[in-house]
């Protein structure tokens, strides 16, 4: 049983052409690697934090895997009433779960890859074999553990149209012969989101007015470039409930810093009233496009990303 396996990552891109690709719906949740063996279970986020206390539902893995020793790759998702993963619901599952939060946002572990099976590493095996061995496990499909379908040799445009119709985040296409590359981003996996998203690090905030006087007006956002510098990429202030505003403000107050964490000056109209913080709060936004100056256009807050470390938040590859 390996101690740690960093999840393989997909490259953003256009839908692939040609044969030899398998499509999966892109699920909107927390990526998690599960290490399951008789008498032991670990479920770790991308920053190697345990997720069991936050999502006790996934303890069902100990039962459904039987006597097998496996390492699984998947996504912890909160599924809405329409049966589609809803990232906003996961915001109700921050911290220790309560009866209310588990009822409001029950979670499932969607398993899409098998990395280790009963003493055998599968990292160097092709995706098509790993997927078949995962199916052969015949996981019972209890509510908390699911193996979502994959679609070999399906036209990417068809799968994306289905994803759009049913409200999925997009699709991921994987080469059938691709090996698993821990911690690496590879063009043998291509993600095609239907909505532009960007992980962000909060480096400051501006005071609010009126009903927001007790919280904040906007968050000042950044992401790291190839040299590891935190680059200012814009601000966000919309799509935040009153509960979110107050909860984030409490976090910001704990992170107060004397100066800007950004490597370059923030535009004067935003910096003039800014309150700076240590760059430790990670979130995610949707946006329409990038400006020519490298800022997010029409950013909308989606929620916090406690499963990400600030250093992992990077600008998209050029």
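Laboratory data are not the source of any read-out in this text; all were calculated from the coordinates shown. On a predicted model such as this, the values are computed, not experimentally measured, just so you know. Reconstructed Cβ throughout: ideal geometry from the backbone, glycine too, with neighbour counts over all protein chains shown.
Using the Cβ-Cβ distance between residue 195 and residue 67 with R0 set to 51 Å, the FRET efficiency from 1/(1 + (r/R0)^6) comes to roughly 0.75.
The convex hull of the Cα atoms of region 1-89, projected and averaged over all directions, covers 8.0 nm². Shown for region 197-312 is the translational diffusion coefficient from the Stokes-Einstein equation, using the Kirkwood radius over Cα pairs, a temperature of 25 °C and a viscosity of 0.890 mPa s: 174 µm²/s. Ordered by the count of other Cβ atoms within 10 Å of each Cβ, fewest first, 185, 305 give 185, 305. Inter-label distance, residue 184 to residue 295: 3.8 nm, where each label sits 7 Å from its Cα along the C-beta direction. When both bridge partners sit in the chain, DSSP labels roughly 90% of those beta bridges antiparallel.
Distance between the modelled labels on residue 271 and residue 249, one decimal in nanometres: 2.7 nm (7 Å Cα→Cβ projection). If R0 is taken as 45 Å, the Cβ-Cβ distance between residue 120 and residue 88 corresponds to a FRET efficiency of 0.70. Shown for 104, 174, 191: other C-beta atoms within 10 Å of each C-beta, ranked fewest to most, produce the order 104, 191, 174.
Give the calculated FRET efficiency between residue 263 and residue 104 to the nearest 0.05, with a Förster radius of 45 Å applied to their Cβ-Cβ distance. Efficiency computed from Cβ-Cβ geometry: 0.70. Rg/Rh, computed from the Cα trace of region 28-160 with Rh as the Kirkwood radius, has the value 0.97. Compared with the dominant principal axis of the Cα atoms in the chain, helix 242-254 is inclined by about 80°. Fewest-first ordering of 8, 1 by other beta carbons within 10 Å of each residue's beta carbon gives 1, 8. Here region 165-230 has an Rg and Dmax of 18.7, 57 Å, counting Cα atoms alone. Working note: Debye formula, equal point scatterers on the alpha-carbon atoms of the chain, no solvent; log10 I(q)/I(0) at q = 0.07, 0.09, 0.14 Å⁻¹ is -0.30, -0.49, -1.15.
Taking 25 °C and 0.890 mPa s as the conditions, I'd like the Stokes-Einstein D for region 83-224 in µm²/s, using the Kirkwood hydrodynamic radius from alpha carbon pairs.
D, rounded to a whole number, is 130 µm²/s.
Set the Cα radius of gyration of region 47-105 against 2.2 N^0.38 Å, with N its number of residues, and you get 1.24.
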